[in-house]
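Have a look at the structure below, then the notes.
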Amino acid sequence: MPSNQHFTTAVKSVPYRGRFAPSPTGPLHFGSLVTALGSYLQARSQQGEWLLRMENIDPPREQAGAADAILRALDAYHLYWDGAVLYQSTRHEAYEAALMQLARNHDSFACGCSRKTIAARGGSHVYPGTCRDGLSPGEVPRTIRVRVPNRCETFIDTLQGPVKSNLQTDTGDFVVRRADGLYAYHLTVVVDDAAQGITDIVRGTDLLGSTPPQRYLQQCFGYPHPQYSHLPLAVNQQGQKLSKQNCATAIDIRHPGLTLCKALRFLGHPAPAGLQGADPARLLAWATANWDIKNVPRTAVICVNAENK
Ligand code: GLU
């Protein structure tokens, strides 16, 4: 497939509504700035809305002050969002109602397996369906899982092209309520994308494998499927995704013009010489007018650590 091939879908009648949905596990780093910028430009270049959702549903993984630091960084980069920020910590009732709906429709079941017992049984991370037909006597429910079909499905990603999957062999029945009682990412993201009326999701390719289970949940709930575009990942020289876990440095919000130029270059849209290091408002105006998602590279791009600053 030629690297610049891109995939179009039928023209939509609903106006474009995109979003950026960071988890406040650390400050914005270069990789998350790229996702924010790509989703912003894809929305604004189509006169669309761009919403912000703070995915603060996992207190043990949260870092104190990170949510506010992300908002400040987006402000410094003039990545202004529409409306109020949606905090997932305020959405427990909606997630609970969604779990009830799954249970009522027999789309979910209680599971007593731990990761250890699953690995011991199948030797892989794919859930083998152990508790689908009920727990053994005396077994304690640990998680809630969605019963997935044994069926091949394909969706067309704007950048990555056709993505095929069979949930039963790729993931198995996946968790929607975790053993620690927290709502799982697949559940919260699907419920909130629908509640916020998101038509288009632009995010990193690290989440490409999350899309088939999320599309399946959309089907269970009767929600429309958004269009997906998975952006290249910023990786270090070892090929690892830049993230807090591998010490990607927080972006420097004192020189937003320089970092924005790097992020634009990364996304296949280098700013013209006259705009190098210009202020964010001018850079974003140029980028919005010149944005074309088919010019974004499809695969991971190396970004040496010195450039993340
Ligand atoms: N909160 C997720 C993350 O920061 C992203 C969710 C999404 O874009 O679907 O990795």
What is segment 221-292 by shape, rounded, prolate or oblate, if you read a ≥ b ≥ c off the alpha carbon gyration tensor as root eigenvalues and call it rounded for a/c under 1.5, prolate for a/b larger than b/c, and oblate otherwise?
-> oblate
With +1 on each Lys and Arg Cβ and -1 on each Asp and Glu Cβ, and nothing else charged, work out how big the dipole of segment 55-153 is about its Cα centre, in Debye to the nearest 20.
-> 640
Using alpha-carbon positions, the gyration tensor of segment 71-171 gives root eigenvalues a ≥ b ≥ c; with a/c under 1.5 called rounded, otherwise prolate if a/b exceeds b/c, else oblate, the class is prolate
Order of HIS29, HIS106 under a 10 Å beta carbon neighbour criterion, fewest first = HIS106, HIS29
Express in whole angstrom the spacing between the alpha-carbon centres of segment 115-135 and segment 23-71.
-> 34
Evaluate the distance, in nm, between pseudo-label points positioned 7 Å from the Cα of GLN237 and of PHE155 along their respective Cα→Cβ axes.
-> 3.7
Globularity index of segment 190-309, i.e. its alpha-carbon radius of gyration over 2.2 N^0.38 Å = 1.23
Looks like segment 125-273, by Cα gyration tensor root eigenvalues a ≥ b ≥ c and the a/c under 1.5 rounded cutoff (else prolate when a/b is bigger than b/c, oblate otherwise), is prolate
Where does each of TYR40, TYR127 land when they are ranked from fewest to most other beta-carbon atoms within 10 angstrom?
-> TYR127, TYR40
Highest GNM mean-square fluctuation among SER39, SER210, SER124, for the chain with Cα springs under 10 Å, belongs to SER124
Putting +1 on Lys and Arg Cβ atoms and -1 on Asp and Glu Cβ atoms, find which of ALA64, GLN238, LEU208 reaches farthest to the positive end of the dipole of the chain.
-> GLN238
Reach of LYS294 by Cα under 14 Å, taken over aspartates and glutamates that are not fewer than 8 positions away in the same chain | ASP157
Rounded to the nearest 500, what is the chain's calculated 222 nm mean residue ellipticity when only DSSP H runs of at least 4 contribute -39500 (n - 2.57) each, over all residues?
-> -9000 deg cm²/dmol
In the chain, with Lys and Arg counted as +1 and Asp and Glu as -1 at Cβ, which of these residues, LEU99, CYS131, PRO280, has the Cα nearest the positive end of the dipole, that is, farthest along it?
-> CYS131
For segment 258-275, take each phi angle, set θ = phi - 60°, evaluate the Karplus expression 6.51 cos²θ - 1.76 cosθ + 1.60, and give the result in whole Hz per residue in order, putting x for glycine and proline.
-> 5, 5, 4, 4, 5, 5, 5, 4, 4, 8, x, 10, x, 6, x, 3, x, 10
Residue order, fewest to most surrounding Cβ atoms within 10 angstrom, among THR199, THR90, THR249 = THR90, THR249, THR199
List the aspartates and glutamates whose Cα lies under 14 Å from the Cα of LYS262, skipping any in the same chain that are fewer than 8 positions away.
-> ASP252, ASP279, GLU307
Within straight-line cross-link reach of LYS241, aspartates and glutamates at Cα separation under 12 Å, skipping those fewer than 8 residues along the same chain = ASP206
Charges only on Cβ, +1 for Lys and Arg, -1 for Asp and Glu: so what's the dipole of the chain about the Cα centre, in debye to the nearest 20?
-> 480
Have a look at the DSSP beta bridges in segment 176-309 and tell me what percent are antiparallel, nearest 5.
-> 20
Largest-first principal axis extents, alpha carbons of the chain, Å = 71, 43, 38
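Each reported figure results from applying straightforward, stated rules to the coordinates on display, with no laboratory input. Remember, it's a predicted structure, so these values are computed and weren't measured experimentally. Ideal geometry is used to build each Cβ from the backbone, glycine not excepted, and the neighbour counts take in all protein chains shown.
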